[in-house]
Each structure stands twice: as structure tokens, then as C-alpha cells.
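Structure provided below as C-alpha cells; questions to follow.
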Amino acid sequence: MEQYNWRDRLFESLSFPTLLLTPDMVVTAANQKFLDKFGYREEELIGKHCNQVLCKTEEPCPKSTCPIYHTLNEKRGASEIIEITGPDGQEVYEDRVCSPIFDEKGDVSYIMLSLRDVTRTKLLELELRKTNEFLENIIASSVSAIIVADMKGVIMVMNESARKLFGYTENVAVGKSIAEYLYTPGGARSVMKKLRSPDYGGVGKLHTTEMTVIHSSGEEIPVEMNASIIYQDGREIATMGIYTDLRPKIAIERKLKEAERIKIMQSNKMASLGHLAAGVAHEINNPLSGILIDASLILEELEQDSPLRKQVEDIVADTNRCKEIVKNLLAYSRQTEFKKEVLNINGVIEQAFAFLREHALLQNITVHKEFSSSMLICEGDNNQLIQVFTNMIINATQAMDGKGAITIRASKEKAEGKIYVEISDTGCGIPKDNIPKIFEPFFTTKEEGKGTGLGLSTVRDILEKHGGNITVKYTCPEGTTFLIELPLVKVDEETLI
Ligand SMILES: Nc1ncnc2c1ncn2[C@@H]1O[C@H](COP(=O)(O)OP(=O)(O)OP(=O)(O)O)[C@@H](O)[C@H]1O
Ligand SMILES: [Mg+2]
């Protein structure tokens, strides 16, 4: 009798709401904790099926998630955490723990089902899992190649970028030894030595260092590496390495060096071509003058209706054309003479227009000048800069076939220390493929006899000598805008007026 009371008290004193169920899952008793928590009287529960009480449904619960079913089937305790909605609408996690009570034959005669509220633990666990997933995502999605290894050098994490760099798939890489698979002989030891030394960024840290790693194909890859030791409670537990592939950088450096070499070769070639052109032009100039004088004299002597007149006129015109080419060549090669003076760019542009005033090409052209009201002071050679603008204006008029509008805008940007001159025309535009070529000497699209192709290369060379440059700002079949930049000289403008 005493033993019975003791058992009875045991059931009542359990600190979790608990039901006693028969093997066919019918409630035979409920402890006070259960009645208090859910507001039942015991008579209301006894005889009811557990799914009516716990799951509020007439349908039996699915066997796979039912701990009572598992307890009956496997004759041992089982539990299942389920998510339910609490009385105030909040999500609650309940651990349903089943313990079998056996009869003398070892069969399950009753099942004790306790309900434990594990919401706090479960929410903490979910929070922790989210944080872990977040951290894992950061590593996984990083564009830097990251590898984490334990203190024996066995790979624990290899993110996608690292897998790409080293040429491994995840399941192949994880568990492999860094020293054996990824580093050159002695590489891993040298990294660890540096990591533990105070000289490479502090103990436990290795600031950017260059090294060679090995791809799964055996190829050696130059990389930049940062590394650190990960500590837990002061103990070394892992190392983390971040690698950057240096191959693209090396390839670009190589290309730049090659481009630089080609440029130097090109400019040497152009310099000798310039010398040659100047020499030839100089030698040809005198005989040309002779031909011109003689041909002009013959022309004067000829009768108006002479059958030779047309041919001699052609000789004079062609000789004049040759002299024009010679003049251009000499101007191109004479750029070394440089007279430096302080100039107002607005004034230089005006002089270029004055110089071209009588030029037939400008007769049907409207010119818009939009000059900055303040002076645009630069230092340079007045004649050479006049040549820059005359060449630009002539090109613009030729592109418009003598009809259209030229707009010249001149301004300065004090903060950048620059003078900007934009020359726009309403001409034919420059085809995209020609843009890189137009500044090359002797590149011309003009018909034979109309252009030597030296105009823009002269312009560019003069501007570069002045510390400036020229670019095609915009071009389309309706017109082109060139942009000229020159260094602005900072002077007290008052003293110049
Ligand atoms: N404003 C422009 N609009 C369209 N095309 C242009 C313009 N300026 C230059 N170009 C193109 O660039 C080419 C090179 O110009 P560049 O001044 O160097 O030589 P050119 O005018 O042909 O001959 P040169 O100036 O020696 O008489 C031109 O033949 C033309 O195709
Ligand atoms: Mg030209």
C-alpha cells in the first residue's frame, strides 16, 4: 500500500505536464501540472485518444513523427520536438518525451508522456545555426580564395574561389593536407614559421606575402597570400589563408611592358622618318623652286592659244602642290624648335582664325566662339599653338565640305589646373575604326593630293610638348568634337591686364 502511494506521488511530483497512456494511446491519468497548464479536469481527459488531447484532431498523427508509436514499437524511450502555436499566438517548441512502463512479461503496459517546453533552447539553437550559416556564407561567397586548415594542416574549409584557384572540388579538397597538395616543398613550414614570428604582422598574423602554390594539374601558380592563426581560449585551433591569383596582374604588367616597348620602337621609327622627311624636303625645296620659276616663265612666254599651255599650267599647279607638301613636312620636322612664352589661349585661337580669314574653305562656314571671360593662361610656343588651331579648323572645314558650323569653346578648370578647348564641327564624323589611327603620321582619308596625313600628328606632338593632349570627345555622322587639354598657368591675372 505504501509502495502504491509512493508511486502515485512520484507521478504527481513530476515537474513537467505528464499523461499516462494505454498502449492503444488512450489517456488513463494526467498529473496536476498537466491539468493546471491546460485548464482541464481529469475526468474530461480520461478515455480520450492522445491525438484528441495533444494535437486537437480526430485523425491519428503520422507514425513517423509520433514518439508514442516509436516507444511502443521499439520498447524504449523516444522523444520528438514539435513546433506549436502557444495560447498567445507565439511559436512554442515542445519536447514530447515518452517513457515505457513494462509489465512482468516485458510488454509495454503504459506510456508516460511528458511535455517539456524547450522554446528558449530551441530559439537559441536556431539563432546559433543562423549565425553559423551567415558566417559560412560570407566565407563561401567571398571572391577571395579562402582555406581554413586545422593545426595539422588538414583542410577543413575551402571556399568556391579557392576551389577554382587550386582546381579541386569540395569533397576532394576537404581532409587533404595543405602541405602535401597545395604548397611547394617547405612552403607550409615557412608560412607557419612566419605566422608564429612577430616580424610579419605580429604573432598569429602574416601580412601580404608572395608565394607559389600548386594547382591540381601540377601547374605552379604565383599568388599573394595573407594568413592568420585562429585561437580559441588562447589555444591555436586552425589557420586561415586568403590567396589572390597574381597571374592576371603579371599578364597585364607584361602587356604594358610590351606596349611600352612597341611605343618606344614606334616613336624611334617616327623620329628617323621625321629626319628623313626633313632631309628630303630640304633637298627637294630648291629644285622645286627652280622648276616653278622656269615653268612660270615659260607660261608667260607662251601664246594664249598655245597647245602647250594646258600642260605647263599643270606643271605649275603640281609644283605648287609639291611645295605645299614640302612645307608640311618641314613644319612637322621643325617641331623641336620651341620658344616658350606666357600666352592667353583665347588670343592664340583668334590669331589662328585671322590667319585663315582669306582661306576659301572658311567662306561658307559659321563660326561660334564661346570663350571663358577670364584669361586662359598657358606657357608655350605661340606659332606652334597657332598651327594646332589652324590644323584643327582646316580639318573641320574639310570634314564639312566647306559648308556648316564650327564651335570653339575655351574654358578652364582651376582645381584641375587645366585649360579645355573643344572644337566641334557639323561634318561627316570619324568612323570608329579610324579613331585610333587619325593621330598617326601620314594617315589620311582624303583623296590623293588633298592631304598628307600630318595635320593631327603635328597637333598631338605639339600639345604633348606643351604638357597637354588631344582626344576625340565625340563623333557621329553629324559631326565631331575634339577636346584639347593644356596646363593652366597660375598667375596673378591682374598683373597681366
Ligand atoms: N574634324 C574632322 N572630322 C572628320 N574627320 C576628321 C576630322 N579631322 C581629322 N579627320 C580625319 O583624320 C584624318 C587625319 O587628319 P590629319 O589632319 O592628320 O590629316 P589630313 O587632314 O588628312 O591631311 P593634312 O592635315 O596633312 O593635310 C583625316 O584624313 C580625316 O579622315
Ligand atoms: Mg588635316
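Can you say whether LYS465 is away from ligand 2 (no atom under 16 Å from the Cβ), closer than 30 Å to LYS323 by Cα and open to solvent by 30 Å² or more (accessible area, probe 1.4 Å), as far as the supplied structure shows? Before you say what the answer is, go through the steps one by one.
Numbers: away from ligand 2 (no atom under 16 Å from the Cβ): yes; closer than 30 Å to LYS323 by Cα: yes; open to solvent by 30 Å² or more (accessible area, probe 1.4 Å): yes.
Judged against the criteria, LYS465 is a match.
So which of ILE349, ILE325, ILE315, ILE393 ends up being touching a Lys or Arg at 6+ places or on another chain (Cβ under 8 Å) and either closer than 28 Å to GLY417 by Cα or among the β-branched types (Val, Ile, Thr) (or both)? Can you show your working first?
Details: ILE325 fails: touching a Lys or Arg at 6+ places or on another chain (Cβ under 8 Å); ILE315 fails: touching a Lys or Arg at 6+ places or on another chain (Cβ under 8 Å); ILE393 fails: touching a Lys or Arg at 6+ places or on another chain (Cβ under 8 Å).
Among ILE349, ILE325, ILE315, ILE393, only ILE349 is touching a Lys or Arg at 6+ places or on another chain (Cβ under 8 Å) and either closer than 28 Å to GLY417 by Cα or among the β-branched types (Val, Ile, Thr) (or both).
Let me ask another. Cβ-Cβ under 6 Å, sequence separation 6+ or interchain: first residue in region 382-398 and open to solvent by less than 10 Å² (accessible area, probe 1.4 Å), partner within 9 Å of ligand 1 (Cβ to nearest atom) and not hydrophobic (A, V, I, L, M, F, W, C). Which pairs?
Between residues of region 382-398 that are open to solvent by less than 10 Å² (accessible area, probe 1.4 Å) and residues that are within 9 Å of ligand 1 (Cβ to nearest atom) and not hydrophobic (A, V, I, L, M, F, W, C), the close pairs are ALA396/ASP425.
Checking SER411 against (1) within 19 Å of THR390 (Cβ to Cβ); (2) more than 16 Å from ligand 2 (Cβ to nearest atom); (3) touching a residue at least 12 places away in the same chain (Cβ under 8 Å), only one condition comes out false. Which one?
It fails just one condition, (1).
Can you run down the residue pairs with Cβ atoms below 6 Å, 6 or more apart or on separate chains, where the first is in region 428-449 and of a type in the set (Ser, Thr, Tyr) and the partner is near ligand 1 (Cβ under 8 Å from one of its atoms)?
These pairs meet every condition: THR444/GLY451; THR444/GLY453.
Can you tell me which of (1) within 11 Å of ligand 1 (Cβ to nearest atom); (2) crowded, with 18+ Cβ neighbours inside 10 Å is the one LYS437 doesn't meet?
Result: LYS437 passes all but (2).
For region 388-409, name all the residues that are farther than 12 Å from PHE482 by Cα and assigned to a strand (DSSP E or B).
Matches in region 388-409: GLY404, ALA405.
Tell me which residues, restricted to region 36-65, are in contact with a strand residue (DSSP E or B) (Cβ under 7 Å, 6 or more places away or on another chain), of a type in the set (A, V, I, L, M, F, W, C) and more than 22 Å from PHE11 (Cβ to Cβ).
Passing the criteria: none in range.
In this structure, does GLY175 turn out to be part of a loop (DSSP other than H, G, I, E, B) and closer than 15 Å to VAL148 by Cβ? Even if it seems obvious, please write down each step before you answer.
Numbers: part of a loop (DSSP other than H, G, I, E, B): yes; closer than 15 Å to VAL148 by Cβ: yes.
When the stated conditions are applied, GLY175 passes them.
Same structure, new question: In this structure, is GLY417 at pLDDT below 95, small (Gly, Ala, Ser) and more than 14 Å from ligand 2 (Cβ to nearest atom)?
Working: at pLDDT below 95: yes; small (Gly, Ala, Ser): yes; more than 14 Å from ligand 2 (Cβ to nearest atom): yes.
Yes.
One residue is enough: does region 378-396 have a residue meeting the conditions more than 7 Å from ligand 1 (Cβ to nearest atom) and more than 16 Å from ALA352 (Cα to Cα)? I'd like the intermediate steps shown before the answer.
Here is the first cut: in region 378-396, the ones more than 7 Å from ligand 1 (Cβ to nearest atom) are 378-390, 392-393.
Now narrow it down to the ones that are more than 16 Å from ALA352 (Cα to Cα): 378-379.
Taking every residue of region 378-396 in turn, at least one turns out to be more than 7 Å from ligand 1 (Cβ to nearest atom) and more than 16 Å from ALA352 (Cα to Cα).
Conditions: (1) under 22 Å from LYS403 (Cα atoms); (2) within 13 Å of ligand 2 (Cβ to nearest atom); (3) outside any loop (DSSP other than H, G, I, E, B); (4) not polar (S, T, N, Q). ARG460 meets all but one. Number of the miss?
(1)
Sticking with this structure for a sec: Return only the number of the condition from (1) at pLDDT below 95; (2) within 13 Å of ligand 2 (Cβ to nearest atom); (3) more than 16 Å from GLN387 (Cβ to Cβ) that GLU493 does not satisfy.
(2)
Looking at (1) in contact with a Phe, Trp or Tyr (Cβ under 7 Å, 6 or more places away or on another chain); (2) part of a loop (DSSP other than H, G, I, E, B); (3) within 12 Å of ligand 2 (Cβ to nearest atom), can you tell me which one LYS437 breaks?
(3)
The values are calculated or read from the model by the stated rules, or taken from the named source; none is laboratory data. Please read these numbers as outputs of a predicted model, since none were measured by experiment. No Cβ is skipped: glycine too gets one built from the backbone with ideal geometry, and neighbour counts run over all protein chains shown. With ligands, DNA and RNA removed, areas are computed over all heavy atoms of the protein, side chains included. Shrake-Rupley method; radii C 1.70, N 1.55, O 1.52, S 1.80 Å.
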